[in-house]
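Asker: Have a look at this one before I ask anything.
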Amino acid sequence: MVEQQDWIEKNGWQLVIVQREDDDALPAFLRKLPRRNVHHLNDPNGDLYTAFRLKKGSLIQLIGLRVLWRGTMLFLQGVRPGKVGKDVRQMPGAFIVSDGTIRSAYRSKHAGDHPDLKAMAENYQKYAC
């Protein structure tokens, strides 16, 4: 994610991380990001998740084979699970927002599904006029 953050900043964009926890509950991998232009919003009631139409995950989306496989691969790379969050069923997503409008949206298909932020941004730039 640091490489993607560098690319985002080089293009004059900013990264905003929204979570339902307090700053001290920020996942370890996010705490490692350089804090140059990273904005962190706490959304304890899930209002932004609702506004961005991010759903609650089903049992398959949360602990299905794809999630278990990705978790196993990360574990073998030395990544350890963090503290269980406020709402374990909340599905993640990523969005490009410009002038108050969602220009590109990525709503994860399962808990281990993370977007390629650079590809999202390149796709947005390709079609932005």
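No lab work stands behind these numbers, since they all come straight from the coordinates. From a predicted model like this one, the values you see are computed outputs, not experimental measurements. Here the Cβ is made from the backbone with ideal geometry for all residues, glycine too, and neighbour counts use every protein chain on show.
Asker: Pop the C-beta distance of A119 and S58 into the FRET formula with R0 = 22 Å and round what comes out to the nearest 0.05.
Answerer: 0.25
Asker: How far is it, in nm, from the label point at K109 to the one at W7 when both lie 7 Å from their Cα along the line to the Cβ?
Answerer: Here the modelled spin labels are 2.0 nm apart.
Asker: Could you pull out every residue, at least 5 positions away or on a different chain, whose amide H is within less than 5 Å of the one on G57? Hs are placed 1.01 Å off N in the peptide plane, and Pro or chain starts have none.
Answerer: For G57, whose amide H was placed from the backbone, the distant partners under 5 Å are Q90, M91.
Asker: Another question about this same structure. May I ask you to order 67-77, 87-97 by the average number of other C-beta atoms within 10 Å around their residues, highest value first?
Answerer: Taking the mean over residues of other Cβ atoms within 10 Å, the ranking is 87-97, 67-77.
Asker: Taking every pair of Cα atoms in segment 40-127, average 1/r, invert it to obtain the Kirkwood radius, and report Rg/Rh to two decimals.
Answerer: Over the Cα atoms of segment 40-127, Rg/Rh equals 1.00.
Asker: Could you please state, rounded to a whole Å, how far the C-alpha centre of segment 87-112 is from the C-alpha centre of segment 35-73?
Answerer: 8 Å
Asker: Let me ask something else about it. To the nearest 0.05, what FRET efficiency results for F75 and D99 with a Förster distance of 35 Å applied to their C-beta separation?
Answerer: 0.25
Asker: How do the peptides 112-122, 55-65 rank, highest first, by the average count of neighbouring beta carbon atoms within 10 Å per residue?
Answerer: Per-residue mean Cβ counts within 10 Å order the peptides as 112-122, 55-65.
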